[in-house]
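*Asks:* Got a structure here, written out as structure tokens. Questions coming.
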């Protein structure tokens, strides 16, 4: 967590995160990832900003090197995928190696697994999910099924969206919350070139805000969503008024204003 | 492009790629990325394997450092986003800095922009899209609108999905194609622990294949998609038969077999 002065010399609290999606199935295109979008929205609502995402294959050396590299760069790391009982579930083992600690049976996770009886060979497979890095702390999965864990600032979550979401919910009060970056957007059916210069001038007057133009092409018409992102609500409203004026001056109509 | 011996001592041709998604709007959760999935499927059908994806913010130093780092690690890099005419479109400038070349007007792109008349101030904004790194080559966007470019092994594509897709299509015969990694999958309504041990044994017999188990939770039932990925069709069929037998022995029914 970093406390940084913003352009108005007030302090604001920035909490950053990196998301690490471990999954051959995402890289091959077999599966469309939706976990990132959920993580971004929920973490954003807690004032935790995702600054980077990496999607990597289920290869031990790649996972270990990546975790070692990113964990010191962000306040939090969230991983998804690879925590089940099959041979391709190597996340826990890789985290142990990334943190240079042994893989041990986590009592809290093992106890939850043993609640549901199973034949010995299946129980052995299931207990593989209790093998976590020494020092790992349970991340509760209230839906039952696999449990997550935290080691250091790395939060190891499931890849199944409903389970990942349940694990994330259980972290709400564990994580440090920062200032919430809000956004508002306004749509204009104009080419970006028609507003580029004036829009840039607004950005220069609001250096503590991110002003972005996200063009789209729908029903044979070009348009763009102009998005204003920042912390201070009053200044956001002032910037929005200026952006609306830019649209009107360019001959457009500000439409579909959304605050998030 | 690397030619590597596989476990059967035949050579196979592996062509690798990294995708770099440049976009605050993906990181903030405002937009659900769909470009990666399209790129993965199309490139996969050309025998180009995506090995890594990074999603990074619209920050010049981050873009430059990332491009410098990844471009030597993969045969191809594909970027999406940030090539329009507004102030937050900084991809071209960053590519020039990453390659240590000046930003110059690309004649092929400028000619296309000048085809459509506009008042002088708007034309100035539009021509910003013709500023590309020295040595960059046009990537044709047959739909009109913004054009992409290639510099070295880095292919700079639009963020708007329909335009990105059009640009990608125009690259089909420019890119080196490798061996196509095929996959087949079979679904079983079994817990992963019930098949973990036998499924791992199949993986050991097919070291040149990736066998993955991707669990899901639907209609209050756990199931898993068992996926076999590799190049050799005959061996894939043989591995599939073994995986089906694993499911049957565990008391399940192999369902929904899909070849891709």
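*Asks:* In percent, what relative contact order does region A:182-259 have, based on Cα pairs under 8 Å that are 6 or more apart in sequence?
*Replies:* Across region A:182-259, relative contact order equals 46 percent.
*Asks:* Looking at chain A as a GNM with Cα springs under 10 Å, which of A:114, A:126, A:229 has the largest mean-square fluctuation?
*Replies:* Among A:114, A:126, A:229, the largest GNM mean-square fluctuation belongs to A:114.
*Asks:* Extension gain residue A:108-residue A:59, at 0.36 nm per residue separation less the Cα-Cα distance, in nm?
*Replies:* Gain on stretching residue A:108 to residue A:59: 14.9 nm.
*Asks:* Another question, then. Where does helix B:35-45 land angle-wise versus the long Cα axis of chain B, in degrees 0 to 90, nearest 10?
*Replies:* With rounding to tens, the tilt is 70 degrees.
*Asks:* Under a plain spin-label model, where a point goes 7 Å from the Cα along Cα-to-Cβ, how far apart in nm are residue B:115 and residue B:255?
*Replies:* Each label point is offset 7 Å from its Cα along the Cβ direction, giving 5.1 nm.
*Asks:* So which residue, out of A:115, A:231, A:62, gets the largest mean-square fluctuation from a GNM of chain A using Cα contacts under 10 Å as springs?
*Replies:* Result: A:115 has the largest fluctuation of those listed.
*Asks:* Compute the normalised compactness of region B:24-152: alpha-carbon radius of gyration over 2.2 N^0.38 Å, N being the residue count.
*Replies:* 1.10
*Asks:* Let me ask something additional. Based on a Kirkwood Rh over C-alpha pairs, give the Stokes-Einstein translational diffusion coefficient of region A:182-259 at 4 °C and viscosity 1.567 mPa s in µm²/s.
*Replies:* 106
*Asks:* If you find the alpha carbon centre of region B:51-106 and of region A:49-127, how far apart are they in angstrom?
*Replies:* Cα centroid to Cα centroid, the span is 32 Å.
*Asks:* Something else: Within 10 Å of each Cβ in A:190-202, how many Cβ atoms from other chains are there, averaged over the peptide?
*Replies:* Per-residue shielding by partner chains comes out at 6.
*Asks:* Please tell me the relative contact order of region A:108-260 in percent, rounded to the nearest whole number, where contacts are Cα pairs under 8 Å and at least six residues apart.
*Replies:* Here the relative contact order equals 20 percent.
*Asks:* On to the next question. Restricting to DSSP H runs of at least four residues, report the calculated mean residue ellipticity at 222 nm for the protein assembly as shown, -39500 (n - 2.57) per run over all residues, nearest 500 deg cm²/dmol.
*Replies:* That calculation yields -10500 deg cm²/dmol at 222 nm.
*Asks:* Return the average number of partner chain Cβ atoms within 10 angstrom of each residue Cβ along peptide A:210-219.
*Replies:* 6
*Asks:* Here's another thing I want to ask about it. Roughly what % of DSSP beta bridges within chain A run antiparallel, to the nearest 5?
*Replies:* That works out to approximately 65 percent antiparallel.
*Asks:* For chain B, take the longest principal axis of its alpha carbons; what is the angle in degrees between that and the long axis of helix B:60-70, to the nearest 10 within 0 to 90?
*Replies:* 50
*Asks:* Please average, across the residues of B:76-86, the number of beta carbons from any other chain that are within 10 Å of each residue's own beta carbon, and give a whole number.
*Replies:* Whole-number average of other-chain Cβ neighbours for B:76-86 is 3.
*Asks:* Sort A:134-144, B:188-198 by packing, meaning the average of other beta carbons within 10 Å per residue, with the highest value first.
*Replies:* B:188-198, A:134-144
*Asks:* Which residue, B:24, B:234, B:37, tops the fluctuation ranking in a GNM of chain B built on C-alpha contacts under 10 Å?
*Replies:* Of B:24, B:234, B:37, the most mobile in the Gaussian network model is B:234.
*Asks:* May I ask you to derive the FRET efficiency for residue B:100 and residue B:173 from their Cβ-Cβ distance with R0 = 35 Å, giving the value to the nearest 0.05?
*Replies:* 0.75
*Asks:* Treat chain A as a sphere of radius equal to its Kirkwood radius over Cα pairs and apply Stokes-Einstein at 20 °C in a medium of 1.002 mPa s; give the translational diffusion coefficient in µm²/s, rounded to a whole number.
*Replies:* Calculated translational D: 104 µm²/s.
*Asks:* Neighbouring Cβ atoms within 10 Å as the yardstick, rank B:129, A:95, A:123 fewest first.
*Replies:* The order, fewest Cβ neighbours first, is A:123, B:129, A:95.
*Asks:* One quarter of the convex hull surface, Cα atoms only: what value does that give for the protein assembly as shown in nm²?
*Replies:* The Cα convex hull of the protein assembly as shown, projected and averaged over all directions, gives 25.1 nm².
*Asks:* Compute the relative contact order of chain A as a whole-number percentage, counting only Cα pairs closer than 8 Å that sit 6 or more residues apart in sequence.
*Replies:* Relative contact order of chain A: 17 percent.
*Asks:* Oh, and also: Between residue B:143 and residue B:32, take the C-beta separation as r, use R0 = 22 Å, and let me know the FRET efficiency to the nearest 0.05.
*Replies:* FRET efficiency, residue B:143 to residue B:32: 0.50.
Read-outs throughout are calculated quantities, based only on the coordinates presented, and are distinct from any laboratory measurement. For clarity, every value in this text was computed on a predicted model and none was experimentally measured. As a convention, Cβ positions derive from the backbone with ideal geometry for all residues, glycine included, and neighbour counts pool all protein chains shown.
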